[in-house]
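The values are calculated or read from the model by the stated rules, or taken from the named source; none is laboratory data. Worth saying up front: this structure is predicted, and the values here are computed from it rather than measured. All Cβ positions, glycine included, derive from the backbone under ideal geometry; neighbour counts span all protein chains shown.
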Amino acid sequence: MPGNSRPAGGPGLEQVRRIVTEIPGPRSRELLARQRGLVPAGVGATLPVFVEAAGGGVIVDADGNSFIDFGSGIAVTTVGNSATAVAERAAAQLRRFTHTCFLVNPYASYLDVCQRLNELAPVPGEKRTLLVNSGAEAVENAVKIARAATGRPAVVVFDHAFHGRTLLTMTLTAKNRPYKHGFGPFAPEVHRAPMAYPYRWPTGPEHCAEEAAAALADLLDRQVGADNVAAVLVEPIQGEGGFIVPAPGFLTQVAEICRARGILLIADEVQTGIARTGRMFACEHEGIRPDLVTTAKGLAGGLPLGAVTGRAELMDAAPVGGLGGTFSGNPVACEAALGVFDEIETHDLLERAQAIGDVMHQRLAELARVHPAMGDVRGRGAMIAIELVQPHGDRVPAPELAAGIARRCHAEGLLVLTAGSYGNVLRFLPPLSISDTLLDEGLTLLGEAIAKETASAG
């Protein structure tokens, strides 16, 4: 598998799975008790063990347990935790200066990141990039820019979408619990269209793209009024929604529908972007060229940085002072992002992501042939998921089964994440620095967990 010989990176951790205590262990339980008195109850954790070190393909907790990492901080540490180029560049910048505020005194590293994104993003024509602090902030600014450039108020999003937790991005997000419940009223002028979800499309996957595109066009023309719509916002692969890969051809039709009506297309690549899917941007798999694209998560290898990259005439539409923020494009985060680009190029991580995905697809497809509860295996590159259903054939979601499998994985030293509008999806986001050995072991553990949990569920 290409890229397997690369150094582990991080703090030189031994690349092994090792469970020496119950999970969570005594030290983590002490810290959890402390957390309850300091942190709001609304801040949860998938695997409540406190981390002391991470790198390569492992996470080591305060009790000395070493977990195989199939989460990457939700697609953040794509190039590996504390990857060498990221850590070295960020450390050097910390010694020079930590902050000036780009709006007060600019610095060249901000420009360097913008230049790289302008070169790489699949946006047509001359481009500009704005740096911000997070994915939600990137999406909010993309909507602001679209409204300023078009003079139109409305935004259209899709079922199963996740775009963030701020007021606007929470409104854009589809799932009520835990993201929206109790937090309304929400922002106005947000409208929702069906997503081309092949596994769950009522008339079957062969009709999915065409019928979902027709529903979008009808929403724009009949319900909202296309002249009122600034932008259609779409994840090329839906993340929290369950790693839904839209039916082939759907994104192309969405782009054509937008173009015919003078509506801007915004691609939310916060989770899919920066090498995760085997391309720098997931849009590239279908040749989509959005007007605006948002990135964050994997952009700076764990430091807070987000970006909006778009057509120059759109990006320049906002008035002077209308964009930016105190910490936006922090110099340490910018240097970390430049380290991410170095890691991707030096270690051929686009090829590595595809190779990881090929292995995972093959192994998971083999498991699905044995376990009817694995209703669907989907994803691209190192962004793969399985959807769990009741095994009697009518695709009833099985969230309890997904949660049970995740618990078994965690107890055995494999970090996996759940997702999906129905809570029945297991998603896998291994760092691209993971070794073949750990990847194989993690998939073996996953298979054992699926077998045991499905057997116990009857």
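Please enumerate the residues belonging to segment 189-204 that are more than 30 Å from Val377 (Cβ to Cβ) and in contact with a Pro (Cβ under 8 Å, 6 or more places away or on another chain). Let's see the steps before the verdict.
Our first condition is that a residue be more than 30 Å from Val377 (Cβ to Cβ); within segment 189-204, this holds for 189-191.
Across segment 189-204, the qualifying residue is only Glu189.
A residue that is farther than 20 Å from Leu103 by Cβ, in contact (Cβ under 8 Å) with a residue 60 or more places away in the chain and surrounded by fewer than 22 Cβ atoms within 10 Å (Cβ to Cβ) can be found somewhere in segment 288-304. Against the numbered list (1) crowded, with 22+ Cβ neighbours inside 10 Å; (2) more than 22 Å from the chain's Cα centre (by Cα); (3) assigned by TED's automatic domain parsing to the domain that holds Leu32, Ala53 comes up short only at (1). Quick one: is Glu52 acidic (Asp, Glu) and either on the phi > 0 side of the Ramachandran plot or without any contact (Cβ under 8 Å) to a residue 24 or more places away in the chain (or both)? Criteria met by Glu52. Screening Gly64, Gly125 for residues that are over 22 Å from the mean Cα position of the chain (by Cα), touching a residue at least 60 places away in the same chain (Cβ under 8 Å) and surrounded by fewer than 16 Cβ atoms within 10 Å (Cβ to Cβ) leaves exactly one candidate, Gly125.
Residue selection: Val156 fails the criterion of being β-branched (Val, Ile, Thr), under 21 Å from Val254 (Cβ atoms), in a helix (DSSP H, G or I) and at pLDDT 95 or above. Determine, yes or no, whether Thr84 is within 19 Å of the chain's Cα centre (by Cα), under 30 Å from Asp440 (Cβ atoms), buried (at least 19 other Cβ atoms within 10 Å of the Cβ) and in contact (Cβ under 8 Å) with a residue 12 or more places away in the chain. Answer is no for this residue. Residues in segment 340-399 that are aliphatic (A, V, I, L, M) and touching a Ser or Thr at 6+ places or on another chain (Cβ under 7 Å): Ala353, Ala373, Met383. So which residues in segment 442-458 are surrounded by 19 or more Cβ atoms within 10 Å (Cβ to Cβ) and either of a type in the set (D, E, K, R) or under 18 Å from Pro48 (Cα atoms) (or both)? Glu453, the sole residue that qualifies. One residue stands out among those in segment 242-263 that are of a type outside the set (A, V, I, L, M, F, W, C) and buried (at least 23 other Cβ atoms within 10 Å of the Cβ): the one that is farthest from the chain's Cα centre (by Cα), which is Pro246. Looking only at residues of segment 352-373 that are outside any helix (DSSP H, G or I) and touching a residue at least 60 places away in the same chain (Cβ under 8 Å), we find that the one that is farthest from Leu439 (Cα to Cα) is Ala373. Restricted to helices (runs of 4 or more DSSP H) entirely inside segment 1-117, those with at least 1 residues that are closer than 30 Å to Gln354 by Cβ are 72-75, 84-96.
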